[in-house]
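The values are calculated or read from the model by the stated rules, or taken from the named source; none is laboratory data. The shown structure was predicted, so the numbers you read here are calculated from the model rather than taken from an experiment. In this analysis, Cβ positions are derived from the backbone assuming ideal geometry, glycine residues included, and neighbour counts consider all displayed protein chains.
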Amino acid sequence: MTSTKLLFDWSDPTEPEAIELLHQHIADTMFPCVGAKAALAKGTMSVLGARDIESGWDDMRIHERLRCFAADYRNDPSLFRSFAVVFSSPVRLSEEEFERALWQRIQSLSDKDVWLGQDWDQRVSPDPNDPHFSLSFGGEAFFVVGLHPGASRPARRFARPTMVFNLHDQFEALRAQGKYETMREKIMMRDETLAGSRNPMLARHGEISEARQYSGRAVNDTWACPFRYAGK
């Protein structure tokens, strides 16, 4: 929930079911991300129901909630907050189709951020080829975790197309506390138990662009990120 008055203050009829599905998915003992489990336990996992990941229908509403989420975090920078957008359709997407739709939504949301005069978070790069790349909404850096039914990695497989926005600043806080590497290793070990192998796409921020990880699809060195920041 947000403490800010919303212009697009309405809910998609699929939202209650989306919240229940995602909460059950994260609470499952096999789900590997301990950060998401912590957010769920603390009640700081915000979920927005939306229509179609291949459509811009809900983009203004999603963007407004993202900006409010960023503002609320700056007012109370406690750890383990996530903002998830769960789309009701389409549920039959290949990994390539999901990746394309995810980046279309990202581009649209970023363009709206520019149009509304929001500053880019200067702690990260807007260049998707830069090892220090992250997204920025409402002046706060985010990275995205994509989930969908057709994901090849079990940890990314979920009943509906979903974009989970995580705050970059939270991971910097964990690094400052000396907790980041321990949490990262725990997630990777749990993912290995689930899938039988470690995710080859995972890398630390600053080693290689995190854009390669967003959709969950395994890509090679020739992969080109379709995102282009429209601001200065």
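The table that follows gives values for the structure above.
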{"read-out": "From the options A101, A71, A84, residue that is buried (at least 21 other Cβ atoms within 10 Å of the Cβ), part of a helix (DSSP H, G or I) and at negative phi", "value": "A101"}
{"read-out": "Out of D52, D76, D12, D28, sole residue that is under 22 Å from D119 (Cα atoms) and either of a type in the set (D, E) or free of Cβ contacts under 8 Å to residues at least 24 places away in the same chain (or both)", "value": "D76"}
{"read-out": "Residues (surrounded by 13 or more Cβ atoms within 10 Å (Cβ to Cβ), in a loop (DSSP other than H, G, I, E, B), modelled with pLDDT of 85 or more and among the polar types (S, T, N, Q)) located in the range 175-232", "value": "S209, S215"}
{"read-out": "Residue that is farthest from R212 (Cα to Cα), among those in the range 106-139 that are assigned to a helix (DSSP H, G or I) and in contact with a Ser or Thr (Cβ under 9 Å, 6 or more places away or on another chain)", "value": "D113"}
{"read-out": "Residue match in the range 134-143 (condition: buried (at least 20 other Cβ atoms within 10 Å of the Cβ), within 30 Å of A195 (Cα to Cα) and out of contact with any strand residue (DSSP E or B) (no Cβ under 8 Å at 6 or more places or on another chain))", "value": "no"}
{"read-out": "Qualifying positions in the range 89-135 - of a type in the set (S, T, N, Q), over 24 Å from E54 (Cβ atoms) and free of Cβ contacts under 8 Å to residues at least 60 places away in the same chain", "value": "Q118, Q122, S125"}
{"read-out": "Residue match in the range 27-37 (condition: among the β-branched types (V, I, T), at pLDDT 95 or above and out of contact with any strand residue (DSSP E or B) (no Cβ under 6 Å at 6 or more places or on another chain))", "value": "no"}
{"read-out": "Those residues of the range 140-168 which are in contact with a Ser or Thr (Cβ under 8 Å, 6 or more places away or on another chain), farther than 23 Å from M189 by Cα and either assigned to a loop (DSSP other than H, G, I, E, B) or free of Cβ contacts under 8 Å to residues at least 40 places away in the same chain (or both), in sequence order", "value": "A141, R160, P161"}
{"read-out": "Identity of the residue in the range 44-64, of a type in the set (A, V, I, L, M, F, W, C) and assigned to a strand (DSSP E or B), that ends up farthest from F165 (Cα to Cα)", "value": "A50"}
{"read-out": "Members of the range 37-53 that are aliphatic (A, V, I, L, M) and either surrounded by fewer than 19 Cβ atoms within 10 Å (Cβ to Cβ) or in contact with a His (Cβ under 9 Å, 6 or more places away or on another chain) (or both)", "value": "A38, L40, A41, M45, V47, I53"}
